[in-house]
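Asker: Below: one structure in structure tokens.
Nothing in this text is a laboratory measurement; each read-out follows from the coordinates by a stated rule. Keep in mind that what you see is a predicted model, and the values were worked out from it rather than measured. Quick reminder, even Gly has a Cβ in these numbers, built from the backbone with ideal geometry, and neighbours come from all protein chains shown.
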Amino acid sequence: MSPIPRTRFSRPVLIVVFVSIALLSIFLITPHPYNPVSSVSSLIFPHTNSPHAVPQSYYDDPEPYGTIGADTSTPTPGQPIRRRANATLLMLARNSDVDEAARSVREMEDRFNHKYGYPWVFLNEQPFSDDFKRRVSNVVSGPVHFGQIPEEHWYQPSWINETRATEERDKMEEEGVIYGGSLSYRNMCRFNSGFFYRHPLVQNFRYYWRVEPGVHFRCDVNFDPFAYMHENNKTYGFTITMYEFQRTIETLWSTVQDFITEHPEYVAVNSAMNFLSDNGGTDYNLCHFWSNFEIADMDFWRGEAYTAFFDYLDSHGGFYYERWGDAPVHSIGAALFAGKDRIQFFREIGYEHAPYTHCPAEEDLWKQGRCSCEPSQSFDYDGYSCLPRWDRIEGR
Ligand SMILES: Nc1nc2c(ncn2[C@@H]2O[C@H](COP(=O)(O)OP(=O)(O)O)[C@@H](O)[C@H]2O)c(=O)[nH]1
Ligand SMILES: [Mg+2]
């Protein structure tokens, strides 16, 4: 390989380098709100505070919540009176999850609930062991309830063709699909899609915050998300959004299409169809809210549209013949039937479910929440994240 003759290129190259350095220097030292590299801090925090963040007025002193169980408090002049919402923290777990369950609960208490005192409900298709109850009761700050799931809400219904279901599970297992061969995972996904909100222990609650064993809360939550949801007419809150594995939901979208053709009246006027589809609904782009974190309104799941939707999906058997997850089912339901204005991205809640973390991208939120996560490692703008699509829905 012959070297590039120096004399032929040196002058134009030098001029280009000089001009580039000069332009970059001007760019870097010019303070301007739209200058994306105006400071080191804006490299770490790509966003300024969002108009969609929970307003500061919600960061109230939780003192007015009073003692646990009280639903009224002495009003402070000039301050809005807040009451604890009709809400619960909710965890589905196995007895064997006890270590990770206790860890998640402890973090949730430390970061949020010790100030607000919301009750906890734990559900399991088996009776909870004394050990599980003892360990978890030791870390909660408020009332706690342990419930067993009725068999008919959990196990595969008798009308499912077991030969076909087994064949499909075996095929997915061979193909290496995650949880492809698991029947219990399918029971769990169907339960989370259409049954948890019917359990007697949660029947009287409206809102829930779903918490899984082994997750992490990386920031203080110094506001009450339930109160925010209630006062702002929000139905569904999320922190992470990503693509689903196509192989697990081969016929889900065509079933959704058939349902909305039969029931166009259920589709919200301002549905978030454009979050789910890049071509007006012809194809599903696989985007969904990661449902291991959810703050949502169970009255929506219990309502006419979602009930009809779940029953329709369930009757097609895709929870067992395929491996439909509660995440795409909830997401499609909320996006189409609740609509975009009713869905909240809780950007201020630092949340980790391995292997992904949502960490606030706004410096003020990160500091205010004493977040222990690293914003530059947030999943938000990972190539596998659907958040850019949600940003477009929000008009960002
Ligand atoms: N009681 C019970 N809970 C389960 C079962 N399978 C999963 N879960 C719970 O369902 C949730 C999701 O399960 P997980 O294993 O975390 O699934 P992943 O997050 O999709 O990998 C967690 O809260 C688990 O504790 C089961 O067979 N019985
Ligand atoms: Mg999980």
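Asker: Determine the dipole magnitude for region 209-314: charges of +1 sit on the beta-carbon of Lys and Arg, -1 on that of Asp and Glu, nothing else is charged, the reference point is the Cα centre, and the result goes in debye to the nearest 20.
Answerer: 340
Asker: Under a cut-off of 16 Å between alpha-carbon atoms, report the aspartates and glutamates in cross-link reach of LYS367, not counting same-chain residues fewer than 8 places apart.
Answerer: ASP220, GLU348
Asker: Using a ≥ b ≥ c from the Cα gyration tensor of region 238-396 (square roots of the eigenvalues), is it rounded, prolate or oblate, where a/c under 1.5 gives rounded and otherwise the larger of a/b and b/c decides, a/b for prolate?
Answerer: Cα axes put region 238-396 in the prolate bin.
Asker: With a 10 Å radius around each residue's Cβ, average the other Cβ atoms per peptide and rank 85-93, 369-377, 171-179, highest first.
Answerer: So the peptides 85-93, 369-377, 171-179, ranked by packing, come out 85-93, 369-377, 171-179.
Asker: In addition: As I understand it, the dipole of region 317-357 uses +1 on the Cβ of Lys and Arg and -1 on the Cβ of Asp and Glu, about the Cα centre. Which of GLY339, TRP324, PRO355 lies farthest toward its positive end?
Answerer: Checking the options against the dipole of region 317-357, the answer is GLY339.
Asker: Can I ask one more? Give, as a single signed number, the net charge of other residues whose beta carbon lies under 11 Å from the beta carbon of VAL329, with Lys and Arg counted +1 and Asp and Glu -1.
Answerer: -2
Asker: For LYS340, go through the lysines and keep the ones whose alpha-carbon is under 19 Å away, minus same-chain ones fewer than eight residues off.
Answerer: The qualifying lysines are LYS234.
Asker: With unit charges on the beta carbons (Lys and Arg positive, Asp and Glu negative) and the dipole taken about the Cα centre of region 192-234, which residue among ALA227, PHE195, TYR207 sits farthest to the positive side?
Answerer: Value: PHE195.
Asker: Read phi for every residue in region 183-196 and hand back ³J(HN,Hα) as whole Hz from Karplus 6.51 cos²θ - 1.76 cosθ + 1.60, θ = phi - 60°, with x for Gly and Pro.
Answerer: Listing the rounded values in order: 7, 5, 5, 5, 4, 4, 5, 5, 4, 5, 6, x, 10, 4 Hz.
Asker: Quick one: which of 131-144, 228-241 comes out on top by average Cβ neighbours within 10 Å, and what's the full order, highest first?
Answerer: The densest-packed peptide leads the list: 228-241, 131-144.
Asker: Would you mind ranking GLU362, GLU250 so that the residue whose beta carbon has the fewest other beta carbons within 10 Å leads the list?
Answerer: GLU250, GLU362
Asker: Rounded to the nearest 5, what % of the DSSP beta bridges within region 88-394 are antiparallel ones?
Answerer: Of all bridge pairs located within region 88-394, approximately 50 percent are antiparallel.
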